[in-house]
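Here is the structure we will look at, set down as structure tokens.
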Amino acid sequence: MSPEQRAANAFRDRFGTDPAVVVQAPGRVNLIGEHTDYNDGFVLPIAIDRRTVIAARPRTDTTIVVASETFPDACFDLLTMTRESGWEEYVKGVAWAMKADTLPGWDGVIVSTVPIGASLSSSAALEIATALVFSTLAHRRWDPVEAAQTAQRGESEWVGVTSGIMDQLISACGRTGQALLIDCRDLTRTPIPLPDGTRVAVLDTGTRRRLTESNYNTRRRECKEAASAFSVASLRDLTPAAFADMPPGLPATIGRRAVHVVEENQRAIAAAQAMRSGGAAELGDLMYQSHVSLRDNYEVSSVALDAMVEAAMASPGCLGARMTGAGFGGCAVALIKRSYVGQFSRAVTDRYQGATGHEPRVYLCDAAGGASVVAVAPTGPAVRADD
Ligand code: GLA
């Protein structure tokens with residue numbers, strides 16, 4: 001059964017009527033361009049066919065009641081909500097960023113097929129699905145880029161997790177069958193087809209990231225320090241030529257962070273070019289180079305991620321592999337030859353398990369479209385009674 005059907009059925013069981021609206025927002029995997037988004041750089045993610053679905057019906061008051069398969073039910077009022085801890089803070093954060101006192105309340109059921117904490121952006125998928133529910137029930141125009149910016153603001157200012165714009169943007173704007181080369185400075189998005197004869201495999205190490213947030217914030221700070229040492233607004237503005245003349249006194253670690261970001265931006269652009277010309281092997285090489293740099297220069301990989309990438313690289317049909325997302329655990333991504341899917345999956349599983357003792361999971365992913373309204377009841381959604 002699709003997650004949309006599961007959500008609609010669960011809604012009927014829980015609330016005794018059909019939902020007025022069912023929306024979905026996908027998770028993502030980034031092919032290349034890692035830790036570049038908050039440096040105004042380039043990323044090349046795909047939205048994946050694993051998604052968060054919300055079935056909802058408007059209420060006549062300002063209460064939000066959300067049930068989920070995974071977490072305990074949540075209930076709060078849009079006019080009096082306060083910051084607490086729990087998964088519903090993502091829902092509140094979006095409401096807050098969309099101006100909670102202008103929004104209608106709703107009853108909802110959430111179903112998600114995005115693994116949690118696996119670097120596949122389960123939180124961005126929840127945020128974008130939430131934004132789409134509010135927007136639909138309030139009869140607002142859906143602008144996916146604006147929704148991504150709003151969700152990012154909610155996450156950073158309400159939830160207190162500072163991220164770049166990549167995850168929300170690809171969840172809102174993804175294209176079926178295509179990756180998006182996103183310029184994170186002006187948010188322009190160029191669709192790039194995946195090379196013929198290839199598949200994207202997400203390789204879950206079965207380990208979950210630890211201390212990601214503090215390490216992530218440290219890397220952001222280090223990038224700022226590097227940009228200011230090189231007197232540029234952000235590392236996006238540096239070229240490799242700048243490294244011929246490192247600023248005096250620049251700590252070696254900070255220099256390595258800058259090298260990663262500058263070269264990773266170049267790799268993301270080169271990867272998009274390779275994809276346009278069907279250069280699957282070249283894309284694979286760039287992905288592995290990206291991993292090496294994330295491991296050695298940016299230092300955000302982990303023993304499990306390194307083992308997974310090496311297991312993938314040694315398996316039949318693999319064109320390239322790398323860690324994906326923030327790092328420190330979670331998933332790697334591999335580009336594989338389509339005709340080797342079965343052999344690759346078996347070999348990578350055996351090798352990784354043999355090397356680490358962890359049980360991996362292999363998800364073969366297609367590039368999916370961005371967030372969408374899947375179904376609306378014939379009467380259409382209502383706005384809040386006092387609107
Ligand atoms: C996390 C953040 C993104 C991005 C990646 C690293 O997924 O949410 O904005 O910075 O890490 O590329």
Candidates 116, 48, 336: whichever shows maximal mean-square fluctuation once the chain is modelled as a Gaussian network with Cα springs under 10 Å: 116
Amide H partners (placed H, <5 Å) of residue 374, local residues excluded: 22, 23, 24
Whole-Å semi-axes of the ellipsoid equivalent to segment 194-365 (Cα gyration tensor, √5λ, descending): 31, 20, 11
Where the Cα pairs of segment 123-214 fall when distances are cut into 5 Å bins, in %: 3, 12, 18, 19, 19, 16, 9, 4, 1
For the chain: relative contact order, % (alpha-carbon pairs under 8 angstrom, 6 or more apart): 25 percent
Calculated from backbone phi, Karplus (6.51, -1.76, 1.60) coupling profile of segment 134-148 in Hz, x at Gly/Pro: 4, 4, 5, 5, 8, 6, 8, 5, 8, 10, x, 5, 4, 4, 4
Diffusion constant of the chain at 37 °C, which comes from Stokes-Einstein with the Kirkwood Cα-pair radius and 0.692 mPa s, µm²/s: 154 µm²/s
Portion, in percent, of the accessible area of segment 333-377 that falls on carbon or sulfur, probe 1.4 Å: 44 percent
From phi via Karplus (6.51, -1.76, 1.60), per-residue ³J(HN,Hα) for segment 94-99 in Hz, x at Gly/Pro: 5, 4, 4, 5, 8, 6
Two-decimal ratio, segment 39-152, of alpha-carbon radius of gyration to 2.2 N^0.38 Å: 1.05
Neighbourhood charge, 12 Å Cβ-Cβ cut-off, centred on residue 81 and excluding it, Lys, Arg +1 and Asp, Glu -1: -3
Pairwise centroid distance, computed over Cα atoms, of segment 340-359 with segment 287-335, Å: 14 Å
Radius 10 Å from Cβ of residue 166, net charge of other residues (Lys, Arg +1; Asp, Glu -1): -2
From phi via Karplus (6.51, -1.76, 1.60), per-residue ³J(HN,Hα) for segment 57-74 in Hz, x at Gly/Pro: 9, x, 10, 8, 10, 10, 8, 10, 10, 10, 10, 9, 5, 9, 10, x, 4, 10
Amide H partners (placed H, <5 Å) of residue 194, local residues excluded: 179
Calculated [θ] (222 nm, deg cm²/dmol) that DSSP helices of n ≥ 4 give over the chain, each run adding -39,500 (n - 2.57): -12000 deg cm²/dmol
Two-decimal Rg/Rh across segment 266-376, once Rg and the Kirkwood Rh are taken from alpha-carbon atoms: 1.01
Efficiency of FRET between residue 14 and residue 350 - r from beta-carbon atoms, R0 35 angstrom, step 0.05: 0.25
C-alpha long axis of helix 212-229 to longest principal axis of the chain, angle in °: 60 degrees
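The values are calculated or read from the model by the stated rules, or taken from the named source; none is laboratory data. It should be emphasised that the depicted structure is a prediction, and the values quoted were computed from it without experimental measurement. Neighbour counts run over all protein chains shown; Cβ positions are idealised from the backbone, glycine included. SASA here: full protein model, heavy atoms, side chains in, ligands and nucleic acids out. Shrake-Rupley method; radii C 1.70, N 1.55, O 1.52, S 1.80 Å.
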